[in-house]
Amino acid sequence: MKYVVGARGSQLSVAQTNWVIAELKKTNPDTEYEIKTITTKGDTDSRPLFTIDQKGIFEKEIDRAVAQKEVDFAVHSLKDVPSELDENLILACIPKREVVNDVFISPDGTTLDSIKSGAVIGTSSLRRAVQVSRKRSDVTVKPIRGNIETRIKKISGESYDAIVLAKAGISRLGIDVKYTELSTDEFSPSPGQGAIAIVARADDSKTIQMLKTIEDSDSRLEIEAERALSDYVDSGCRFPVGAYAKSSGDKITLIVTAFSVDGKKALHVTKTGDKNNPKSIGHSAGEELRKKGVNDLALNWREKVEEWNKT
Ligand SMILES: NCc1[nH]cc(CCC(=O)O)c1CC(=O)O
C-alpha cells in the first residue's frame, strides 16, 4: 500500500515527515510513502510570524489537500496547528514527542546569563521575547524571520548575537550548533511544542488505523491538556502564554505562565489532575488564569507587538 504525504517545503517539515515515515515503516513494513511538498502562503509572507493574525496559515493549506484527497495525510508541528480543524479532518496520530525546551544559540556557546550587555537576541515568538527580557533587561530582543537554518545563519552576521529556538527543531534537523538548554521554568514552552501532529480524513479508517501504530498515549494526553488551556485563554488572541503538561503515573501536571506584552507582569497557574481527563485540567487552569486577570494582561497586545516589530 502506498500513501501520499503532505508536507511543507521547509527543511524542518521534510525532516519531520521523513521521521514519521521511518517510524511508520517499522510498524507497517509493507507500506510505501511519497512526500508531496506544498508551497504555502506563509512561506512567501515576509512579516514576522506573530503579526499574521491567522494561526496555522501554512498548516491549513496542507490540510485542505488532505480534505480534497490530494494527499492521504499531513505531518505538522503540532504547536502550529490551529485548535479547530476542518470538520472532516482529525488529529489521527500524535507520535512520541521530543523535548519541549527552548534553546539559546550563539556562535561560541555564550549563554543567556553571560552574554554581554546590549547584545541583540533574535526571536520570532513574542513569548520568547518577553521571557528573554524578563531575565536580561539589558539586552535588546529583535524580531527575526526565516526558517530555522536562515535564523541560525544570521548569528554569524552582524545583526544578531544569539537566537532562541525550540530544541525539537534543532534535533530533528540534526543541526550541529552550540546551544544551551533553557529551563521550562523560565522559558515556559508554547502549547504543543516538540510534538508532531498527523492529520487525516475522519472517515479514512484504514489510514487512521495504520497511523495509530505510532501513537504515543502520554504525548497525546499531555498535548490535549495544553491545547485545552490555549483554547481557553487564546480565543483569536495570541498574547504570550506558555503551557507545559507532563504525565507521571496516572496524573498530569500542567504548568501555565501568561505574560503582559511588556514582560512586567506574569501569571502562573499549576494544575494536577487525572491523566485520562486532560481537557478538564486545561480548562480549570484556564478558569484560574481568567480569575487572575489574564484578559487584562492581554489588552492592547496587538499595538504593542506592532511597535516592537519596528525596532
Ligand atoms: N513556529 C515555528 C516552529 N514550528 C515548530 C518548530 C520547532 C519544532 C517544535 O517546536 O515542535 C518551530 C521553530 C521554533 O519554534 O523554534
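The values are calculated or read from the model by the stated rules, or taken from the named source; none is laboratory data. Keep in mind the model is a prediction, meaning the values are calculated, not measured. Backbone-built Cβ (ideal geometry, glycine too); neighbour counts: all protein chains shown. With ligands, DNA and RNA removed, areas are computed over all heavy atoms of the protein, side chains included. Shrake-Rupley method; radii C 1.70, N 1.55, O 1.52, S 1.80 Å.
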Residue list for the stretch 98-113, filter: open to solvent by 30 Å² or more (accessible area, probe 1.4 Å) and within 13 Å of the ligand (Cβ to nearest atom): GLU98, VAL99
Yes or no: the stretch 203-212 includes at least one residue that is within 16 Å of the ligand (Cβ to nearest atom), not in a helix (DSSP H, G or I) and not aromatic (Phe, Trp, Tyr). no
Among what's in the stretch 55-69 and is more than 19 Å from ALA195 (Cβ to Cβ) and touching a strand residue (DSSP E or B) at 6+ places or on another chain (Cβ under 7 Å), pick the residue that is modelled with the lowest pLDDT. GLU61
Going through the stretch 184-193 in order, the residues found to be open to solvent by 10 Å² or more (accessible area, probe 1.4 Å) and within 16 Å of the ligand (Cβ to nearest atom) are THR184, SER190, PRO191
Residue count, the stretch 237-266, condition open to solvent by 20 Å² or more (accessible area, probe 1.4 Å), of a type in the set (A, V, I, L, M, F, W, C) and assigned to a strand (DSSP E or B), comes to 2
Would you mind stating whether ASP80 is assigned by TED's automatic domain parsing to the domain that holds THR37 and either within 16 Å of the ligand (Cβ to nearest atom) or farther than 30 Å from THR207 by Cα (or both)? yes
Please enumerate the residues belonging to the stretch 130-173 that are within 13 Å of the ligand (Cβ to nearest atom), modelled with pLDDT of 95 or more and surrounded by fewer than 16 Cβ atoms within 10 Å (Cβ to Cβ). SER171
Residue pairs within 7 Å by beta carbon, gap of at least six or interchain, first lying in the stretch 97-115 and over 18 Å from LYS135 (Cα atoms) and among the β-branched types (Val, Ile, Thr), second at pLDDT 95 or above and within 16 Å of the ligand (Cβ to nearest atom), listed first then second, are VAL99/LYS167; VAL99/ALA168; VAL99/GLY194; VAL100/THR184; VAL100/PRO189; VAL100/GLN193; VAL100/GLY194; VAL100/TYR244
